[in-house]
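To start, the structure under review is shown below, and the notes come after it.
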Amino acid sequence: MIVPIEQHPEFKALAKEVRQLSPERQADLDATLGGCFDEERTLTVEEIAGILNVHVVTVRRWIRAGELKATRIRGYRVNPVDLSAFLQKRRTADDA
């Protein structure tokens, strides 16, 4: 069964994370994703680095360490749902 992305639990978690970002970061994220999360849309390492305000090398380390799930298609590509899961996992680890 296909669930619309807006109803997916991981999307909801990511939306919650986005609401906690600064207004400037929220605007960057909105611009990067074209105003919506699309299941078929993937994010580049550079886009994720910009959204999270980290260096691209940091994002690549997360991917190579297996912390952030990615696919190699002309560089690494990350599904927004996988980014959400990664952020949730890091948030949970930070709370512990």
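Selection of the stretch 75-96 for residues being part of a helix (DSSP H, G or I), in contact with a Phe, Trp or Tyr (Cβ under 9 Å, 6 or more places away or on another chain) and among the aliphatic types (A, V, I, L, M) yields only Val81. Scanning the stretch 60-96 for residues that are under 11 Å from the mean Cα position of the chain (by Cα) and of a type in the set (Val, Ile, Thr) returns Val78, Val81.
So in the stretch 37-74, with the set limited to residues that are part of a strand (DSSP E or B) and surrounded by 13 or more Cβ atoms within 10 Å (Cβ to Cβ), which one is modelled with the highest pLDDT? Full working, then the answer.
Here is the first cut: in the stretch 37-74, the ones part of a strand (DSSP E or B) are 43-44, 71-72.
Narrowing the set further to residues that are surrounded by 13 or more Cβ atoms within 10 Å (Cβ to Cβ) leaves 43-44.
On the way: Leu43: 88, Thr44: 91.
If we take residues in the stretch 37-74 being part of a strand (DSSP E or B) and surrounded by 13 or more Cβ atoms within 10 Å (Cβ to Cβ), then Thr44 is modelled with the highest pLDDT.
Being at pLDDT below 70, surrounded by 17 or more Cβ atoms within 10 Å (Cβ to Cβ) and in a helix (DSSP H, G or I): is that true of Leu29 here? Yes; evaluated as a whole, the condition is true for this residue.
The values are calculated or read from the model by the stated rules, or taken from the named source; none is laboratory data. Remember, predicted model here, so these are calculated numbers, not experimental data. Quick reminder, even Gly has a Cβ in these numbers, built from the backbone with ideal geometry, and neighbours come from all protein chains shown.
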